[in-house]
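Okay, so here's the structure we're looking at.
Bear in mind these aren't lab numbers, they're just calculated from the coordinates by the rules spelled out. Small disclaimer: the values here were computed from a predicted structure and weren't measured. Cβ: placed from backbone, ideal geometry, glycine included. Neighbour counts: every protein chain shown.
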Amino acid sequence: MAAARGEFSSRLGFIMAAAGSAVGLGNIWGFPTQAASNGGAAFLLVYLFLAFTLAYPALMAELIIGRHAHANAVSALRLISPNRLLRGLGACTGIVGFIVASLILSFYAIVAGWMIAFCLSAFSTLLGLGNINAWLTEFGFSRNLSFMLLFMCLTIGIISGGVREGIERWSERLMPMLLVSLVLLVIYVLTLDGAMEGLKIYLLPDFERALSPKLIISALGAAFFSLSLGVGTMLIYGSYIKDEENLPVVGSLVTLVDISIAVLAGFLVLPAMYVALHNGVEIFTPAGQLISEDTLIFTVLPELFATMGLAGTVVSFVFFFLMSIAALTSSISMLEVPVAYVIEEHGVQRKAAVWVIGGLIALVSVVILLNFSALFGLVVAFTTRYSQPLLGFMFCIYAGWIWHRDQLLGELRKGNPDVEDTLFWKIWPWYVRVICPVIILAIFAQSLWG
């Protein structure tokens, strides 16, 4: 069954694809701005601790279930359920998961379109095309629609190629490009005046702030969401892993790559903010709060680039090119979730499924654009703040409580016959049964009541 539906050809291919799914705009944009708003190094320390104590165990739940079933989330959760009631609940969880993944992609494509537009604006600046540059950088329906559709076409084109020729092939190309671009930008920004102040904020912790409940909850959310957990993307990618792979090892490598890129992005964004401050760009309110945290990337950073002359134009192009790649590596995993379901449950050919589902998601994006002020924030909150924690909770419940322990152990033994004697097996089963669900519910409660 696995061969017929495709699988990753190598461990590196899976790691690049899974890390690409996890490494998105949230890592390069969201994590650094959250760190800037929550004490810099204090947030970083708590985030690193929680990423391995929360995100990694939850990631393993999805990977193990997916590899065992070699199927989409709906089929996988039905397969490990012992009775009709739980099979129905599992199917509902899987269906809600691919709906949420589709909704996330509907607003993600809009934001990714902005990244591409800002990237191209660097060329228009070099060529002195003021009117085109204004259209590329100003919020408007025609620009938003055009680049959303372009981004969706790129995503659809990659997914149409399947697992090896589409997802794996392009992940192995895009992820090294992302990493090289990020490293080059970090090196350059750290040479600018003001960068060292931002670096101090990022690396010297205020341990009193590290114990703040608000900071801890924020770091919990960042750690959980940074690995694309809760909507079935990692379950789907897990279903394409070969049986002989050691899942705890490949899962830890994905977690390590994802966290490393998020931390590396902090070395870019926080110093860049203080370079902007040094150049006369306001980044804080009189009360000391970060200005426009959610739109920092489109406000403060372009103003910084504008103060740097020709070098700023080049840096602007590389930065937004980097953001576009990060968005694309995540979007292909989001689209694969509903596509895999339609192919396996309804027998639709891949290319037809990809274009129909991609088209429907693009249509939802158009509806959001036509009612942007009312719908954009609503869809973001519904999917990321409320739906993802609950879905992640359900995956942990199925892995920890519903799936028979002997079957779970048997799945892990395929890639490591001695797994029962490892530290992973001594800790992970009870951790995913008790600790992960409690922490995820804490995140959800914080989302509801602040």
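Brief remarks follow.
- Relative contact order %, segment 339-450, counting alpha carbon pairs below 8 Å whose residues are six or more apart: 28
- Inter-part distance where segment 303-374 and segment 1-63 are each reduced to a Cα centre, Å: 18
- Under 25 Å of direct C-alpha separation, and excluding same-chain neighbours fewer than eight residues apart, K414 reaches these lysines: K242, K426.
- For segment 393-398, the Karplus equation 6.51 cos²θ - 1.76 cosθ + 1.60, evaluated at θ = phi - 60°, returns couplings of 4, 5, 4, 5, 4, 5 Hz by residue, with Gly and Pro reported as x.
- Annotation: extensible slack from Y188 through N279 equals 31.2 nm (criterion: 0.36 nm per residue apart, minus Cα-Cα distance).
- Listed from fewest to most Cβ neighbours within 10 Å, the set H68, H346 follows the order H346, H68.
- Straight-line cross-link partners of K200 among the lysines, defined as a Cα under 28 Å from its Cα and at least 8 positions apart when in the same chain: K214.
- Residue-span extension gain [E197 to S260] - 0.36 nm each, minus C-alpha spacing: 20.5 nm
- The alpha-carbon of K351 sits under 12 angstrom from the alpha-carbons of these aspartates and glutamates, leaving out residues fewer than 8 places away in its chain: E336.
- In this calculation the C-beta distance from N246 to V348 is compared with R0 = 30 Å, giving a FRET efficiency of 0.35.
- Listed residue (G113, L304, G232) projecting farthest to the positive dipole end of segment 2-449, Cβ model: G232
- Helix 11-22 axis, angle to the chain major axis (alpha carbon atoms, nearest 10°): 60
- Sequence-distant contacts, meaning Cα pairs under 8 Å at least 6 residues apart, place the relative contact order of the chain at 33 percent.
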